[in-house]
1. Tell me which trypsin sites (Lys or Arg not before Pro) from the range 204-265 have a DSSP coil assignment and no more than 13 other beta carbons within 10 Å of their own.
2. Given contacts defined as C-alpha pairs under 8 Å and at least six residues apart, what's the relative contact order of the range 63-129, whole-number percent?
3. If you count only protein heavy atoms with a 1.4 Å probe, what accessible area per residue comes out for the chain, rounded to a whole Å²?
4. Between the range 56-97 and the range 141-208, how far is it from one alpha carbon centroid to the other, in angstrom?
5. Over the chain, what is the percentage of antiparallel beta bridges among all DSSP beta bridges, to the nearest 5?
6. Which net charge results when you count Lys and Arg as +1 and Asp and Glu as -1 among the other residues whose beta-carbon is under 13 Å from that of SER97?
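The values are calculated or read from the model by the stated rules, or taken from the named source; none is laboratory data. Note that the structure is a prediction, hence the values are computed from the model and not measured. Don't worry about glycine lacking a Cβ; one is built from the backbone with ideal geometry, like all the others, and counts go over all protein chains shown. To get the accessible areas, we keep the full protein, side chains included, count just its heavy atoms, and leave off ligands, DNA and RNA. Shrake-Rupley method; radii C 1.70, N 1.55, O 1.52, S 1.80 Å.
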Amino acid sequence: MAALGVPDSLPVRRILVTGARGQLGGRLVRCAEAAGLPVDGVGSAELDITDAGAVDSWVAPGAVVVNCAAYTAVDAAESDEAAATAVNEIGARNLASACSRAGADLIHVSTDYVFSGDRKGDGAAPYEPGDPTGPRTVYGRTKLAGELAIREVLPDAQIVRTAWVYTGTGTDFVATMLRLEQEKDTVAVVDDQVGSPTYSEDLAAGLLELARVGGPRGATLHATNAGSATWFDLARAVFAGVGADPERVRPCTSAEFVRPAPRPAYSVLSARAWEAAGLTPLRPWQDALADALAQRR
């Protein structure tokens, strides 16, 4: 998917993508390359963002750094807070400090887990960037700590929160549903958690647009595909999208599927600030999922 709404006349700046071996970072690098933009993509093997000296050596004056590097093992973080803190807080601070010294810009990718997720009912309002935070997991607390560290060191940095990101490959939720559709007669999926499924290709295009046009300095923005669903809804849509019977997906509650880290019951993020910044809205999640499944075929 191309980076929609990006004027060709803007000056070209070199982009550094950290976490480029992950699902989002990898898509962002490919998106930039397809647009003919100068981009460097580094994974943890090339750049350990917890090493301040190493970060300094990679951040060039005038560049745009997009930080997709993160400790995202939500359950593992509950028993390994030090590792999550090192990447999500200290690593984020190192990048902000390096950008400050080099005169580079920073776009930092964060998460819906910074909120409590306890909004309930059909009338629940999507979270706005300025709403009170209240993470309930180690992952969420360390990601929020990273946001605060960035704001302290580099107030002009842009923070983009997202949620429920998938590519449809590897071990993400959509890929898992595709595998289970082949392996099992029925699949039980929780139907009491609500969020916005976000296709990594669309999010990458949005981040690239932000890197090109700049957007409001020091802003915190939310970027997800439009609309909301439960995991149960998403699973049924995956089954239907590959021609399988969606009735094979059965609902269950979170209480029936206990995990070390509690999942937000409601984590829909409002795109109002993103759109007010003049950035292209991300399309409905159903359309994005259809494209993701078509790409696999």
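1. Taking the range 204-265 and a limit of 13 other Cβ atoms within 10 Å, the loop trypsin sites (Lys or Arg not before Pro) found are ARG217.
2. 42 percent
3. Result: 43 Å² of accessible area for each residue.
4. Cα centres, the range 56-97 to the range 141-208: 16 Å.
5. Percent antiparallel among DSSP bridges in the chain is about 5.
6. Residues close to SER97 contribute a combined charge of -1.
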